[in-house]
Amino acid sequence: MSVSIAIMGLVVGCLVGLTGVGGAALLTPLLIVMGINPSIAVGTDLVYNSITKLFGVSQHWKQNTINFKMVKYLALGSVPSAVIAIGTLHLFPAFHQHQEQIIKHALGYVLTFVAISIIVRVFFDKKFRPNRWQLQPLEQKRTLTILIGVFFGFIVGLTSIGSGSLFAIAMLYLYRMKTSELVGTDIAHAFLLVTVAGILNASFGSVDYMLAANLLIGSIPGVIAGSKLSTKVSAKPLQAVMATILLISGMKLI
């Protein structure tokens, strides 16, 4: 076991539990900074994410806080789109030769977007809700929901980032849902998406299983500890700090 990797998993898990910021947005850039090959970092993070989200899906299934119809519409767009993104990087020589640079630049832009979205959510949340999109029933927004899946699914396939954060932001502003249902639906869809993407990356040899195992050893207790502390610590200042860190990381990768 690598103690340093487990500690990193513990810190990331604790921050996720405290702030709700997606683990991939924190973890993938850290792995790249540590010298992990970008494609391995992305593939490993997807597998790691799949396992951690399985526990969340199980809990929300018991609580009946998953909107399965929305999960279906999002997945209809996101899963094929992620498959196309991963396949494009690995199967087309022109992209495969430059995949590390493509992933780095894509990470930079996505991290910057996620950071700005978190800042908007922290400081301007009430100004955006309620809105006319939220008042429409899901069936009227079926095409929009699938298109959201297509767009963000492609990003997740390229970078591993966004299976939680990007989809959660879209769901928050475009759909009228209870917080518990939004979280449960987001986790259930993310589990489907990152599992398919993780399996595909594994088939291309882009997963370090020992790295994923060491991260899980630290992150699972970290998430539990962070979640418990979140009731005693204000999340908004921490989210603002995390958004600033993500913004700096993103701009450095661009």
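Suppose all protein chains stay in the model; what accessible area per residue would a 1.4 Å probe give for the chain, in Å²?
On a per-residue basis, the chain sits at 48 Å².
With θ set to phi - 60° and the Karplus curve 6.51 cos²θ - 1.76 cosθ + 1.60, what are the ³J(HN,Hα) couplings of the range 24-30 in order, to the nearest whole Hz, using x for Gly and Pro?
Working through the residues one at a time gives 5, 5, 8, 7, 4, x, 4 Hz.
What list of ³J(HN,Hα) values in whole Hz, one per residue of the range 48-63 in order, does the Karplus curve 6.51 cos²θ - 1.76 cosθ + 1.60 (θ = phi - 60°) give from phi, with Gly and Pro shown as x?
Karplus values, whole Hz, x for Gly and Pro: 4, 5, 4, 5, 5, 6, 4, 5, x, 4, 4, 5, 6, 4, 5, 7.
Rank Val194, Val79 by accessible area, highest first, at a 1.4 Å probe radius?
I get Val79, Val194, largest accessible area first.
Quick one: with all protein chains in place, what share of the accessible area of the range 108-254 is carbon or sulfur, to the nearest percent (1.4 Å probe)?
70
Cα-Cα over 18 Å: which of Lys69/Lys141; Lys53/Lys178; Lys62/Lys232; Lys178/Lys228; Lys72/Lys141?
Lys53/Lys178; Lys62/Lys232; Lys178/Lys228
Given a 1.4 Å probe and heavy atoms of the protein chains only, how would you sort His98, His105, His60, largest accessible area at the top?
His98, His105, His60
Can you give the helix-only mean residue ellipticity at 222 nm for the chain, where every DSSP H stretch with n ≥ 4 adds -39500 (n - 2.57) and the sum goes over all residues, rounded to the nearest 500 deg cm²/dmol?
Computed mean residue ellipticity for the chain: -27500 deg cm²/dmol.
What list of ³J(HN,Hα) couplings, whole Hz, do you get for the range 81-89 from phi and the Karplus terms 6.51, -1.76, 1.60, once you set θ to phi - 60° and write x for glycine and proline?
Once θ is set to phi - 60°, the couplings for the range 81-89 become 5, 5, 4, 5, 4, 5, x, 4, 5 Hz.
Any chance you could look up the accessible area of Ser50 with a 1.4 Å probe, heavy atoms only, rounded to 10 Å²?
Result for Ser50: roughly 20 Å² accessible.
Please report how far the C-alpha centroid of the range 156-184 lies from that of the range 1-70, rounded to the nearest whole angstrom.
First find each Cα centre; the distance between them is then 15 Å.
What number, in percent, do you get for the relative contact order of the chain if the mean sequence gap of Cα pairs under 8 Å and at least 6 apart is divided by its residue count?
Rounded, it is 46 percent for the chain.
Hey, any idea what % of the range 12-69's accessible area is carbon plus sulfur with a 1.4 Å probe?
Answer for the range 12-69 is 64 percent, counting heavy atoms of protein chains only.
Could you pull the accessible area for Arg142 with a 1.4 Å probe, rounded to 10 Å²?
Accessible area, nearest 10 Å²: 110 Å².
The values are calculated or read from the model by the stated rules, or taken from the named source; none is laboratory data. This is a predicted model, so every value here is computed, not measured. Ligands, DNA and RNA are excluded from the accessible area calculation, which covers all protein heavy atoms including side chains. Shrake-Rupley method; radii C 1.70, N 1.55, O 1.52, S 1.80 Å.
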